[in-house]
Every structure is written in C-alpha cells, then in structure tokens.
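Here the structure is laid out as structure tokens; the discussion comes afterwards.
The values are calculated or read from the model by the stated rules, or taken from the named source; none is laboratory data. Quick caveat: nothing in here was measured; it's all calculated off a predicted structure. Because the Cβ atoms are built from the backbone with ideal geometry, glycine has one as well, and the counts that use them run over all protein chains shown. Surface areas here come from the heavy atoms of the whole protein model, side chains and all, with no ligands, DNA or RNA. Shrake-Rupley method; radii C 1.70, N 1.55, O 1.52, S 1.80 Å.
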Amino acid sequence: MTQVETIRCPNCGKPAERHYLLRPDLGQAQLVQTQCGACDYLLISCSETGRVLEAYAPGIAAHNI
C-alpha cells in the first residue's frame, strides 16, 4: 500500500511528493520517499529508525551537512 502526500521540497521549496511505502518484509516499518521533479531531490528513509537508505540533493555540498 502506498500513500502519497504533496509537500514543499526541503531543497528548493517547490511542490514535491512524499510517498509512504509499506513493505511487508520490514514488519511495521515503512519506507518514506521524498522526491522533487523541479530540482531532482530524492530522499528514501526508514520511518521506524530514520536511517537514510538513499539520498540525492543537487546543490547541497557534502561539506555543508
């Protein structure tokens, strides 16, 4: 089951999507995927642990994090 929410992109501020993906193999945990078509931002994390599984944010330098 997937639930989709429209949010503001944390990278550029334009409309983006947040997908809540229920994965049976993860038990009660969900994957949360935030994506922006305007700036190509992507963040996939676990809702239970907060662990980042994949991330891509153009324009944010690694030394600034």
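Points worth noting:
- Contour excess over end-to-end distance, with Cα ends at GLU48 and HIS19 and 0.36 nm allotted per residue: 9.0 nm
- Summed side-chain charge close to CYS9 - residues other than CYS9 whose Cβ falls under 12 Å, Lys, Arg +1, Asp, Glu -1: +1
- Our coupling estimate for the range 49-59, obtained by passing each phi through the Karplus curve with A = 6.51, B = -1.76, C = 1.60 and θ = phi - 60°, is 9, x, 5, 7, 9, 7, 8, 8, 9, x, x Hz, Gly and Pro reported as x.
- Pairwise label distance in nanometres, ALA38 with GLN3, each label 7 Å out on the Cα-Cβ vector: 2.5 nm
- For the range 1-53: accessible area per residue (Å², 1.4 Å): 68 Å²
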